[in-house]
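Shown next, in structure tokens, is the structure this report addresses.
Computed from the coordinates by the stated procedures, all read-outs in this text should not be read as laboratory data. In this text the structure is predicted, and so the values were computed from the model without any measurement. Every residue, glycine among them, receives a Cβ derived from its backbone with ideal geometry; neighbour counts consider all protein chains shown.
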Ligand code: UD2
Ligand code: MN
């Protein structure tokens, strides 16, 4: 009896030990990642290795779309892509063929590469918001951020899921993220209901714990060196809200293309965002900027280019006092024909070089891609959480940043690609015009009397319910923000105000026919001939024209230009201050004369088919015009 019991016990013992062992192995297996990263330095080592491995492999990669090249589809694939285009608003098939961690070309200006940044930069939480984003662009965004951000500065990547219901964005995404980034650098946070992109970004910002928040759309690719210039600038100035230069990822081919020329943001009075060239006053400001030039260490430069022979800037040590003083004017060397060395001014071309790397101030941002100190973001009121789904928040945060003590800048050395899609691949609950209503909120809170110019374009919105804005109004008061007029005068002085600083404005009527100049609903971003239509008595923004102090007959961005040949139509073209675009109005005789050619604006006969022309002046009724409002004529 006893021996048997012992034997049995021994067996139990064996089974027990086996079970325990399995449990321990299981535990270790399940918690492998946690144990592996029990210390921060291990995590950092792991991340450093991943980062450097990626950098090392990037140049030798090959395959579809590598180096940011275009993917061209044929036959069946092309048909399939075309059939899905409407749903996704971009070429999903091309995107799916490209590796999720593809390489791109470094499109930065060469001068960016020679900038060295401080080592102790703040850390970044990158927040990628998405609602029903397609799998490949979403994950390509995350990979590009992890692979191109030095790990010591990347605190976390938050994939903020705004209540998506595509099946693959549930368990499959969680699994992919856990397996791909075992160090948990990428986190998923999900909203409890569809929040719209504004509240989704707020939720992301609240979940983030890094020093700097960087928001990205869910179809982006961060390029080489994108992070450091943003962090360095915020370290320098915590009130700076920064946008990377946004590169174009082609919606048809997924080709990653540089922007070519730098732009800044503006806006239409209809409160849509616009891109514009850097204005002259900003170009000047940047050239005369007194920031020191950050010089690349000599060794690094030689490693880059073994044929360069380099000199440091020679500072002066006073021979008597031994005082060390910085050489403030940078010079280059020349020589005289007597073959003596001479110092000379940096030639103009090279002086301009800082144009390529200096921050560019911008009145507004496009909205999707920007960085701000986390503390400062909340200090100046984060976002208006009364805004729904899409639209308007970009101008709201732009106006507010400037008016409440911050500044908005584009950082040329930080480059991020974005797929500009042709439409929205998601629903707008209740089919609401959220851009319109959100814009009403922003106009009411931030634009003072200038909100009238928005309602010019959106008379349909007058009287609509835009919700409660009292909190935003008290925020504006609490922060002691400046007026919208201050913003226009100081930040966007070149913005045309159709009913101020003009000789006359409003409907331009030919009394004999009761026809008015009219854009005939054409898009002002294109060039088209100005038409005539029955006067709408102020009901239509299509009939608002101004005679500017600059003698232009114009709309917001377009000017009426005339070539001078008798009887031809008059196109609305981008204003360029040329003599083609100068007109004079004589209130008494009613003529509007093209200054350069001396021809008169003419209603023309029925044959001209509803378009206005210019003809030799003849004093007839067809050449008489009145403006709705006169300011100084
Ligand atoms: C531009 C901005 C965008 C936003 C918008 C104005 C860029 C490159 N993009 O439009 O960020 O500022 O102007 O509002 O500047 N999303 C949600 N929940 C929603 C709807 C959208 O999370 O209910 C996400 C969406 O998945 C995407 C982001 O918000 O990641 C922006 O949406 P978009 O890409 O359709 O906007 P876009 O680029 O046309
Ligand atoms: Mn987008």
request  = Give the distance, in whole Å, between the Cα centre of the stretch 540-608 and the Cα centre of the stretch 150-196.
outcome  = 56 Å
query = Considering only the chain, what is the antiparallel percent among its DSSP beta bridges, to the nearest 5?
reply = 70 percent
note = Per the 1/(1 + (r/R0)^6) rule, R0 = 41 Å and r from the Cβ atoms of residue 632 and residue 237, FRET efficiency to 0.05 is 0.45
key: R0 of 56 Å, Cβ-Cβ distance residue 285-residue 78: FRET efficiency to nearest 0.05   = 0.70
ask   = Pairing the Cα long axis of helix 434-446 with the longest principal axis of the chain, what angle in degrees results, from 0 to 90 and rounded to the nearest 10?
value = 80 degrees
note = Kirkwood Rh over alpha-carbon pairs of the chain plugged into Stokes-Einstein at 25 °C, 0.890 mPa s gives a D in µm²/s of 85 µm²/s
inquiry  = Among 115-125, 409-419, 502-512, how do they line up by average Cβ neighbours within 10 Å per residue, starting with the highest?
reply    = 409-419, 502-512, 115-125
message = Output the 0 to 90 degree angle, nearest 10, between the alpha-carbon long axis of helix 393-403 and the longest principal axis computed from the alpha carbons of the chain.
response = 80 degrees
inquiry  = At 7 Å along Cα-to-Cβ for each site, give me the label-to-label distance between residue 178 and residue 317 in nm.
reply    = 6.3 nm
ask   = What is the diffusion coefficient of the stretch 33-79 in µm²/s, taking the Kirkwood radius over Cα pairs and the Stokes-Einstein relation at 10 °C with a viscosity of 1.306 mPa s?
value = 115 µm²/s
key: Three-way shape label, the stretch 157-246, alpha-carbon gyration tensor, a/c 1.5   = prolate
query = If you average over every viewing direction, what projected area does the convex hull of the Cα atoms of the stretch 480-532 give, in nm²?
reply = 5.8 nm²
inquiry  = Given bins 10 angstrom wide, list per bin the percent of all Cα-Cα distances in the stretch 371-512, short to long.
reply    = 9, 33, 34, 19, 4, 1, 0
key: Translational diffusion coefficient (Stokes-Einstein; Kirkwood radius from C-alpha pairs) of the stretch 192-244 at 25 °C, 0.890 mPa s, in µm²/s   = 191 µm²/s
remark   = Here the tail fraction of P(r) beyond 27 Å, over all Cα-Cα pairs of the stretch 440-572, rounds in percent to 32 percent
task = Compute the Cα gyration tensor for the stretch 391-468, then decide on rounded, prolate or oblate, letting a ≥ b ≥ c be the square roots of its eigenvalues: rounded whenever a/c is under 1.5, prolate when a/b is larger than b/c in the other cases, and oblate in all that remain.
result = oblate
ask   = Hey, fewest Cβ within 10 Å first, where do 165, 247, 385 land in order?
value = 165, 385, 247
note = Nearest 10, in degrees from 0 to 90: the angle of helix 171-180 to the longest Cα principal axis of the chain is 70 degrees
Part-to-part distance (alpha-carbon centres) for the stretch 484-516 and the stretch 452-468, which is given in Å = 19 Å
remark   = Note to self: Kirkwood Rh of the stretch 500-576, Cα pairs, one decimal, Å, is 12.8 Å
message = Apply the a/c threshold of 1.5 to the C-alpha gyration tensor of the stretch 502-630 and tell me whether it is rounded, prolate or oblate.
response = rounded
